[in-house]
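Here the structure is laid out as structure tokens; the discussion comes afterwards.
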Amino acid sequence: MSYRPVTTESAPVRLFLIACAVLVLALFLLLPLAAVFAEAFRKGWEVFLASLHEEAALSAIKLTLIAAGVSVPLNTLFGVSAAWLVTKFRFKGRSLLVSLIDLPFAVSPVIAGLVWVMLFGAKGWFPQSAMADAFAPAAHLAASLAEYQGFGWLFSDLAVWLADPKIIFALPGIVIATTFVTFPFVARELIPLMETQGSDQEEAAVTLGARGWHVFFRVTLPNIKWGLLYGVLLCNARAMGEFGAVSVVSGHIRGETNTLPLHVEVLYNEYQFSAAFACATLLAFLALVTLSLKTAVEYFSGHDASGKH
Amino acid sequence: MSISIQSITKTFGAYTALENVSLEVPDGSLTALLGPSGSGKTTLLRIVAGLEFADPGPGKIAFHGEDVGDIPAGRRGVGFVFQHYALFRHMTVAQNIAFGLSVLPRAARPQKSEIRDRVMELLKLVKLEGLDQRRPHELSGGQRQRVALARALAIRPKVLLLDEPFGALDAQVRKDLRRWLRQFHDEIGLTTLFVTHDQEEALELSDQVVVMRNARIEQVGEPQTVYDNPRSPFVYEFLGNVNKLHAGQDVRYVRPHEIDVLFAAEFDPATDSLARVQHLFSAGPIATLTVKLGDGQFLDVELSRKQLDELGLSVGDEVAVRPAVMA
């Protein structure tokens, strides 16, 4: 007679449970991924490459990169500051602040987009015309600065924008919406981590004579680097993949205000399935890269953490 | 450098951590802040370090007569060893020890080679030569504690502050390190203030014991004095085992080793009481005896093994107990 550990089930039960898990995995995770790639290549390599080379596609890729390129660094900065503030200091309203950080996760992305339309849209609180008036002196200054040789080019685009400050249905709106929606990622990742680490090491650094920035760069940052990287990675994935909020503020102007996810939708609605899926492979690829980087971060941070105590 | 603490009060919201506390720590002494948790001892240490600030008021903290109340922790010249050491875990032992020197303003910062020499010198001082390239997680608890000590000493502090220095160590290492720290203190002669809740540790290690309770100081003095002449029942009970005997309204305190045990035949009604042996524990050089007095109260008595053997007692025997005559 053979014995098995008390927490182990009999062979048929085990097989059944494993089969269920594999089935769910295949059906919900692997099949859609495979479908994306299969559809993308259905009409062959040429169509696939042509769909990515098309002008509207390139513009969508560029816009997505810009939106992520602005919002991810901003949110890294916000996230680190917020986490530092709420974990290393005790003050009134602290728990309210912690909840507020989660607000963008709590509201639907569509609402998150609509908020900005209501603020900056034609019938909003700060419509374009009103802002043009308000920015007029700044626009004038930028325009005169743009006249200068050498550095003038730095201001030419700004002058044009200030003269006609478009936020909704334009790049600024897309960047704002993306930043808003992805705001909590870095802070969420860091707050529990910094909470468990406590302030002992920072206090030790202070008694040893370190000033604020030394404490942060030489003690706090090295201790949170893997958590930070992880948060930035997730933030980036969401920034590039965000659909709802961006969809509301973008206006879907082809070749101008379509990000990659919006471009996929437009193509799909126009029955250009292969092109739509070709662009979708880029997003799927981004997801795979994010996943493998995430695994790598976990591996290295686990390695680091093994020597925690 | 002496530390002078005058009328310090510290509150956290509605909670009073320290209430009008004054204390003098003589230059070069090793002083223990002893008390149960919540007595305010760690808060006091942190205020001396500049990690907390006392409530505004007449309170004053001075090092060698110089008021340091407004000087931030980093420029106060204190070496602080944290209970869990707070070593920088991403740095090597050498980098940990060098930290205080490497964050000095450029003008005051020593050369790299000087810092390295100082680190090596400190490693030698705390008997950790050859471990400079290790990371904190590769060290034992006792080694980590000595790294923390070396790191605190690197900035040549005026006073050394230790928060529960042995709290996180197991019993054997604790004993060894205690002895080592006493010796170490005698060698470097730095004014040292440490926090502990372990009365044995405080009595064995320090020149001066400060017993704290409920945000106040109960008694200050040399270990022997405080032990022999406790000023309050709290101090009596807190410093070592004690029997509390009720006689009507009065309470008498008798330490277990201050009682003689005799054969019942030697009973002298003038001084002794008759009692029955309830429990015997004799693993170790000191035997502990629990006896039940005629009025039902229990009494713990400590005897040497030799005395116990001579008496040849066993549970249930009747004996006479007599308060030992104290010199």
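The values are calculated or read from the model by the stated rules, or taken from the named source; none is laboratory data. Being a predicted model, the structure only gives us computed values, none of them experimental. Glycine also receives a Cβ, built like all others from the backbone with ideal geometry; neighbour counts cover every protein chain displayed. The protein model used for the area step is the full one, side chains on, heavy atoms only, and it has no ligands, DNA or RNA in it. Shrake-Rupley method; radii C 1.70, N 1.55, O 1.52, S 1.80 Å.
Any residue in the stretch B:102-121 that is outside any loop (DSSP other than H, G, I, E, B) and within 11 Å of chain A (Cβ to nearest Cβ)? Checked against the condition, which is being outside any loop (DSSP other than H, G, I, E, B) and within 11 Å of chain A (Cβ to nearest Cβ), the stretch B:102-121 yields at least one hit.
Could you pull out the residue among A:ALA60, A:ALA11, A:ALA83, A:ALA35 that is within 15 Å of A:LEU282 (Cβ to Cβ) and either among the small types (Gly, Ala, Ser) or touching a Pro at 6+ places or on another chain (Cβ under 9 Å) (or both)? It would help to see each step written out before you state the result.
Working: A:ALA11 fails: within 15 Å of A:LEU282 (Cβ to Cβ); A:ALA83 fails: within 15 Å of A:LEU282 (Cβ to Cβ); A:ALA35 fails: within 15 Å of A:LEU282 (Cβ to Cβ).
Just one listed residue meets the conditions, A:ALA60.
The lone criterion from (1) part of a loop (DSSP other than H, G, I, E, B); (2) modelled with pLDDT under 90; (3) open to solvent by 40 Å² or more (accessible area, probe 1.4 Å) left unmet by B:ARG156 is number (2). Filtered by the rule that a residue be at positive phi and of a type in the set (Val, Ile, Thr), the stretch B:297-327 gives no residues. For A:ALA159, the criteria (1) part of a helix (DSSP H, G or I); (2) more than 28 Å from the chain's Cα centre (by Cα); (3) within 11 Å of another protein chain (Cβ to nearest Cβ) hold in every case but one, which is (3).
In the stretch B:151-173, how many residues are farther than 15 Å from B:GLN83 by Cβ and within 12 Å of chain A (Cβ to nearest Cβ)? Of the residues in the stretch B:151-173, 6 are farther than 15 Å from B:GLN83 by Cβ and within 12 Å of chain A (Cβ to nearest Cβ). If the condition is being open to solvent by 10 Å² or more (accessible area, probe 1.4 Å) and β-branched (Val, Ile, Thr), then the stretch B:62-91 contributes only B:ILE71. Here the condition is being closer than 26 Å to B:GLU218 by Cβ, among the β-branched types (Val, Ile, Thr) and open to solvent by less than 40 Å² (accessible area, probe 1.4 Å); of B:VAL48, B:VAL103, it holds for B:VAL48 alone. For the stretch A:250-288, filtering for residues that are open to solvent by 70 Å² or more (accessible area, probe 1.4 Å) and under 17 Å from A:GLY44 (Cβ atoms) leaves 2.
The single condition among (1) assigned to a loop (DSSP other than H, G, I, E, B); (2) closer than 16 Å to B:LEU45 by Cβ; (3) of a type outside the set (D, E, K, R) that B:LEU169 does not satisfy is (2). Among the residues making up the stretch A:74-118, those that are under 23 Å from A:ASN223 (Cα atoms), among the small types (Gly, Ala, Ser) and in contact (Cβ under 8 Å) with a residue 24 or more places away in the chain are A:GLY79, A:ALA82, A:ALA83.
Filtering the stretch B:209-237 to residues that are open to solvent by less than 50 Å² (accessible area, probe 1.4 Å) and more than 22 Å from B:THR16 (Cα to Cα) leaves B:VAL209, B:GLY221, B:PRO223, B:VAL226, B:PRO230, B:TYR236. Checking each residue in the stretch A:289-304 for being surrounded by 13 or more Cβ atoms within 10 Å (Cβ to Cβ) and either at pLDDT below 80 or within 14 Å of chain B (Cβ to nearest Cβ) (or both) picks out A:PHE300, A:SER301, A:ASP304.
For residues that are facing chain B (nearest Cβ under 8 Å) and surrounded by 22 or more Cβ atoms within 10 Å (Cβ to Cβ), tally how many sit in the stretch A:210-249.
Step one: of the stretch A:210-249, the residues facing chain B (nearest Cβ under 8 Å) are A:210-211, A:214, A:218-219, A:222-223.
Then keep just the ones that are surrounded by 22 or more Cβ atoms within 10 Å (Cβ to Cβ); that gives A:210, A:219.
Residues in the stretch A:210-249 being facing chain B (nearest Cβ under 8 Å) and surrounded by 22 or more Cβ atoms within 10 Å (Cβ to Cβ): 2 in total.
Looking across B:VAL254, B:VAL277, B:VAL291, one residue alone is open to solvent by less than 50 Å² (accessible area, probe 1.4 Å), more than 28 Å from B:ASP228 (Cβ to Cβ), in contact with a Lys or Arg (Cβ under 9 Å, 6 or more places away or on another chain) and in contact (Cβ under 8 Å) with a residue 12 or more places away in the chain. It is B:VAL277. Among the conditions (1) at pLDDT below 90; (2) assigned to a helix (DSSP H, G or I), the only one that A:THR179 does not satisfy is (1).
Against the test of being over 26 Å from the mean Cα position of the chain (by Cα) and open to solvent by less than 30 Å² (accessible area, probe 1.4 Å), the options A:ALA204, A:ALA143 yield a single qualifying residue, A:ALA204. Whether a residue is charged (D, E, K, R), over 19 Å from B:ARG46 (Cα atoms) and at pLDDT below 95 was assessed, and B:ARG213 does not pass this test.
Restricting attention to the stretch B:71-96 and to residues that are part of a helix (DSSP H, G or I) and more than 10 Å from every other protein chain (Cβ to nearest Cβ), the residue that is farthest from B:GLN145 (Cα to Cα) turns out to be B:ALA94. Taking the stretch B:17-65 as the range and being within 14 Å of chain A (Cβ to nearest Cβ), assigned to a loop (DSSP other than H, G, I, E, B) and not hydrophobic (A, V, I, L, M, F, W, C) as the test, the residues that pass are B:GLY50, B:GLU52. Restricting attention to the stretch B:122-132, which residues are assigned to a helix (DSSP H, G or I), open to solvent by 10 Å² or more (accessible area, probe 1.4 Å) and either of a type in the set (A, V, I, L, M) or within 13 Å of chain A (Cβ to nearest Cβ) (or both)? Scanning the stretch B:122-132 gives a single hit, B:LEU125. Of the strands (runs of 3 or more DSSP E) entirely within the stretch B:219-288, those holding at least 2 residues that are of a type in the set (S, T, N, Q), touching a Gly at 6+ places or on another chain (Cβ under 9 Å) and under 19 Å from B:VAL301 (Cβ atoms) occupy B:273-281. Taking the numbered list (1) in contact with a helix residue (DSSP H, G or I) (Cβ under 7 Å, 6 or more places away or on another chain); (2) assigned to a loop (DSSP other than H, G, I, E, B); (3) of a type outside the set (Val, Ile, Thr) in turn, A:GLN201 passes all entries but (2).
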